[in-house]
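Below: one structure, written as C-alpha coordinates.
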Amino acid sequence: MMAVGDNHSTNLLAAETASLEEQLQGWGEVMLMADKILPWERPWFPPTIIGVVSLVFLTIYGLDLSVLSGVSCFVMLLCLADYFVPILAPRIFGSNKWTTEQQQRFHEICSSLVKTRHRAMGWWKHLFTLKEEKPKMYFMTMIISLAVVAWVGQQVHNLLLTYLIVTFLLMPPGLNQHGVIFKYIGMAKREMNKLLKQKGKKNE
(Lines give C-alpha, C1' and ligand atoms only; values in the text may rest on other atoms or scores of the structure.)
Protein backbone atom coordinates (compact mmCIF):
# COMPACT_ATOMS: atom_id res chain seq x y z
CA MET A 1 0.00 0.00 0.00
CA MET A 2 2.85 2.36 0.85
CA ALA A 3 4.57 1.63 -2.48
CA VAL A 4 1.32 2.34 -4.32
CA GLY A 5 0.96 5.63 -2.43
CA ASP A 6 4.56 6.59 -3.25
CA ASN A 7 4.03 5.78 -6.93
CA HIS A 8 0.86 7.86 -6.97
CA SER A 9 2.67 10.81 -5.36
CA THR A 10 5.55 10.48 -7.82
CA ASN A 11 3.19 10.34 -10.80
CA LEU A 12 1.23 13.32 -9.48
CA LEU A 13 4.45 15.31 -9.00
CA ALA A 14 5.62 14.43 -12.52
CA ALA A 15 2.26 15.40 -14.03
CA GLU A 16 2.17 18.74 -12.18
CA THR A 17 5.79 19.45 -13.13
CA ALA A 18 5.07 18.75 -16.81
CA SER A 19 2.01 21.00 -16.68
CA LEU A 20 4.01 23.81 -15.06
CA GLU A 21 6.79 23.42 -17.63
CA GLU A 22 4.24 23.85 -20.39
CA GLN A 23 2.78 26.95 -18.75
CA LEU A 24 6.18 28.57 -18.13
CA GLN A 25 7.89 27.53 -21.36
CA GLY A 26 7.96 31.13 -22.60
CA TRP A 27 9.70 32.19 -19.37
CA GLY A 28 12.36 29.46 -19.58
CA GLU A 29 15.30 31.71 -20.49
CA VAL A 30 14.36 34.25 -17.81
CA MET A 31 14.02 31.55 -15.16
CA LEU A 32 17.42 30.09 -16.04
CA MET A 33 18.97 33.56 -15.79
CA ALA A 34 17.29 34.09 -12.40
CA ASP A 35 18.61 30.68 -11.35
CA LYS A 36 22.12 32.01 -11.94
CA ILE A 37 21.57 35.40 -10.30
CA LEU A 38 19.73 34.41 -7.10
CA PRO A 39 22.33 31.78 -5.99
CA TRP A 40 25.09 34.39 -6.58
CA GLU A 41 27.17 32.65 -9.25
CA ARG A 42 29.16 35.88 -9.58
CA PRO A 43 30.51 37.97 -6.67
CA TRP A 44 28.77 41.12 -7.93
CA PHE A 45 25.30 39.54 -8.06
CA PRO A 46 24.35 40.29 -4.38
CA PRO A 47 24.99 44.07 -4.59
CA THR A 48 23.27 44.10 -7.99
CA ILE A 49 20.15 42.47 -6.54
CA ILE A 50 20.04 44.91 -3.63
CA GLY A 51 20.74 47.84 -5.98
CA VAL A 52 17.92 46.93 -8.39
CA VAL A 53 15.43 46.36 -5.57
CA SER A 54 16.47 49.65 -3.95
CA LEU A 55 16.09 51.52 -7.26
CA VAL A 56 12.61 50.08 -7.79
CA PHE A 57 11.46 51.07 -4.30
CA LEU A 58 13.05 54.52 -4.55
CA THR A 59 11.11 55.02 -7.79
CA ILE A 60 7.89 53.94 -6.08
CA TYR A 61 8.67 56.27 -3.17
CA GLY A 62 9.32 59.16 -5.57
CA LEU A 63 6.10 58.59 -7.50
CA ASP A 64 4.15 58.57 -4.21
CA LEU A 65 1.34 56.44 -5.64
CA SER A 66 -1.83 55.68 -3.75
CA VAL A 67 -2.55 52.07 -2.82
CA LEU A 68 -5.08 51.64 -5.63
CA SER A 69 -2.77 53.23 -8.21
CA GLY A 70 0.18 51.15 -7.01
CA VAL A 71 -1.76 47.90 -7.23
CA SER A 72 -3.11 48.83 -10.68
CA CYS A 73 0.38 49.68 -11.99
CA PHE A 74 1.82 46.47 -10.53
CA VAL A 75 -0.86 44.29 -12.16
CA MET A 76 -0.45 46.21 -15.43
CA LEU A 77 3.31 45.52 -15.41
CA LEU A 78 2.62 41.84 -14.74
CA CYS A 79 0.24 41.71 -17.72
CA LEU A 80 2.78 43.44 -19.97
CA ALA A 81 5.54 41.07 -18.83
CA ASP A 82 3.28 38.06 -19.37
CA TYR A 83 2.68 39.21 -22.96
CA PHE A 84 6.11 40.49 -24.01
CA VAL A 85 8.55 38.19 -22.16
CA PRO A 86 7.63 34.99 -24.11
CA ILE A 87 8.01 37.01 -27.35
CA LEU A 88 11.23 38.87 -26.56
CA ALA A 89 13.11 36.33 -24.40
CA PRO A 90 13.99 33.92 -27.27
CA ARG A 91 15.26 36.84 -29.36
CA ILE A 92 17.35 38.27 -26.53
CA PHE A 93 18.81 35.01 -25.19
CA GLY A 94 18.67 33.03 -28.44
CA SER A 95 16.26 30.08 -28.53
CA ASN A 96 18.68 28.18 -30.80
CA LYS A 97 21.11 27.96 -27.85
CA TRP A 98 18.63 25.98 -25.71
CA THR A 99 20.55 22.81 -24.78
CA THR A 100 19.64 19.52 -23.14
CA GLU A 101 21.39 20.67 -19.97
CA GLN A 102 19.31 23.85 -19.88
CA GLN A 103 16.12 21.85 -20.46
CA GLN A 104 17.06 19.56 -17.58
CA ARG A 105 17.75 22.54 -15.31
CA PHE A 106 14.42 24.09 -16.32
CA HIS A 107 12.72 20.81 -15.41
CA GLU A 108 14.46 20.82 -12.00
CA ILE A 109 13.36 24.41 -11.33
CA CYS A 110 9.74 23.58 -12.17
CA SER A 111 9.91 20.47 -10.00
CA SER A 112 11.23 22.55 -7.10
CA LEU A 113 8.40 25.06 -7.56
CA VAL A 114 5.83 22.25 -7.49
CA LYS A 115 7.39 20.80 -4.32
CA THR A 116 7.38 24.26 -2.71
CA ARG A 117 3.70 24.62 -3.55
CA HIS A 118 2.99 21.22 -1.99
CA ARG A 119 4.86 22.21 1.17
CA ALA A 120 2.88 25.47 1.39
CA MET A 121 -0.38 23.55 0.96
CA GLY A 122 0.79 21.08 3.60
CA TRP A 123 1.38 23.91 6.09
CA TRP A 124 -2.04 25.35 5.23
CA LYS A 125 -3.71 21.98 5.86
CA HIS A 126 -1.71 21.61 9.07
CA LEU A 127 -3.08 24.95 10.22
CA PHE A 128 -6.66 23.80 9.70
CA THR A 129 -5.89 20.48 11.39
CA LEU A 130 -4.60 22.44 14.38
CA LYS A 131 -7.82 24.47 14.36
CA GLU A 132 -9.92 21.31 14.52
CA GLU A 133 -7.80 19.36 17.02
CA LYS A 134 -6.51 22.17 19.27
CA PRO A 135 -8.78 25.21 18.78
CA LYS A 136 -7.45 27.06 21.85
CA MET A 137 -3.84 26.76 20.72
CA TYR A 138 -4.85 27.77 17.18
CA PHE A 139 -6.73 30.81 18.49
CA MET A 140 -3.88 31.97 20.76
CA THR A 141 -1.23 31.41 18.08
CA MET A 142 -3.16 33.34 15.44
CA ILE A 143 -4.04 36.24 17.76
CA ILE A 144 -0.48 36.63 19.06
CA SER A 145 1.06 36.32 15.57
CA LEU A 146 -1.34 38.82 14.01
CA ALA A 147 -0.90 41.22 16.93
CA VAL A 148 2.89 41.12 16.48
CA VAL A 149 2.54 41.70 12.72
CA ALA A 150 0.13 44.58 13.34
CA TRP A 151 2.54 46.14 15.86
CA VAL A 152 5.50 45.85 13.45
CA GLY A 153 3.40 47.34 10.66
CA GLN A 154 2.51 50.24 12.92
CA GLN A 155 6.13 50.91 13.87
CA VAL A 156 7.70 50.65 10.40
CA HIS A 157 6.70 52.55 7.25
CA ASN A 158 4.73 50.34 4.84
CA LEU A 159 7.08 50.88 1.89
CA LEU A 160 10.20 50.31 3.99
CA LEU A 161 8.68 47.15 5.46
CA THR A 162 7.82 45.86 1.97
CA TYR A 163 11.35 46.66 0.80
CA LEU A 164 12.85 44.71 3.71
CA ILE A 165 10.54 41.74 3.09
CA VAL A 166 11.35 41.62 -0.65
CA THR A 167 15.09 41.91 0.02
CA PHE A 168 14.85 39.21 2.69
CA LEU A 169 13.02 36.84 0.32
CA LEU A 170 15.64 37.31 -2.43
CA MET A 171 18.63 36.58 -0.18
CA PRO A 172 18.11 32.94 1.02
CA PRO A 173 18.99 31.20 -2.31
CA GLY A 174 22.42 32.84 -2.38
CA LEU A 175 23.01 32.48 1.35
CA ASN A 176 22.07 28.82 1.16
CA GLN A 177 24.22 28.20 -1.93
CA HIS A 178 27.31 29.63 -0.23
CA GLY A 179 26.66 27.84 3.08
CA VAL A 180 26.07 31.00 5.08
CA ILE A 181 22.75 29.81 6.53
CA PHE A 182 24.15 26.44 7.65
CA LYS A 183 27.21 28.18 9.07
CA TYR A 184 25.17 30.42 11.38
CA ILE A 185 22.74 27.63 12.22
CA GLY A 186 25.73 25.52 13.27
CA MET A 187 27.10 28.40 15.36
CA ALA A 188 23.71 28.85 17.03
CA LYS A 189 23.50 25.11 17.81
CA ARG A 190 27.00 25.14 19.33
CA GLU A 191 26.15 28.13 21.52
CA MET A 192 22.93 26.46 22.64
CA ASN A 193 24.82 23.26 23.50
CA LYS A 194 27.35 25.29 25.52
CA LEU A 195 24.55 27.02 27.44
CA LEU A 196 22.81 23.69 28.13
CA LYS A 197 26.07 22.13 29.35
CA GLN A 198 26.78 25.11 31.62
CA LYS A 199 23.25 24.93 32.99
CA GLY A 200 23.66 21.20 33.58
CA LYS A 201 26.91 21.74 35.50
CA LYS A 202 25.29 24.43 37.69
CA ASN A 203 22.39 22.11 38.53
CA GLU A 204 24.86 19.43 39.58
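Laid out as a table, the results:
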| quantity | calculated |
| --- | --- |
| Residue match in segment 99-113 (condition: loosely packed, with under 12 Cβ neighbours inside 10 Å, acidic (Asp, Glu) and more than 30 Å from SER9 (Cα to Cα)) | no |
| Checking LEU13 against (1) modelled with pLDDT under 85; (2) open to solvent by 70 Å² or more (accessible area, probe 1.4 Å); (3) under 22 Å from ARG105 (Cα atoms), the condition it does not meet | (2) |
| Matching residues in segment 58-86 - criterion: being closer than 24 Å to LEU20 by Cβ and without any contact (Cβ under 8 Å) to a residue 24 or more places away in the chain | PHE74, VAL75, LEU77, LEU78, CYS79, LEU80, ALA81, ASP82, TYR83, PHE84 |
| Subset of segment 28-47 [open to solvent by less than 70 Å² (accessible area, probe 1.4 Å) and in a helix (DSSP H, G or I)] | GLY28, GLU29, VAL30, MET31, LEU32, ALA34, ASP35, ILE37, PHE45, PRO46 |
| Contacts under 8 angstrom Cβ, first residue in segment 156-173 being in contact (Cβ under 8 Å) with a residue 12 or more places away in the chain, partner open to solvent by 50 Å² or more (accessible area, probe 1.4 Å) and in a helix (DSSP H, G or I), 6 or more apart | LEU159/ILE60; LEU159/TYR61; THR167/ILE50 |
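The values are calculated or read from the model by the stated rules, or taken from the named source; none is laboratory data. Nothing here was measured: the structure is a model prediction, and the numbers come from that model. Please note: Cβ atoms are built from the backbone with ideal geometry, for glycine as well, and neighbour counts cover all protein chains shown. Accessible surface is based on the protein model in full, side chains and every heavy atom, while ligands, DNA and RNA are left aside. Shrake-Rupley method; radii C 1.70, N 1.55, O 1.52, S 1.80 Å.
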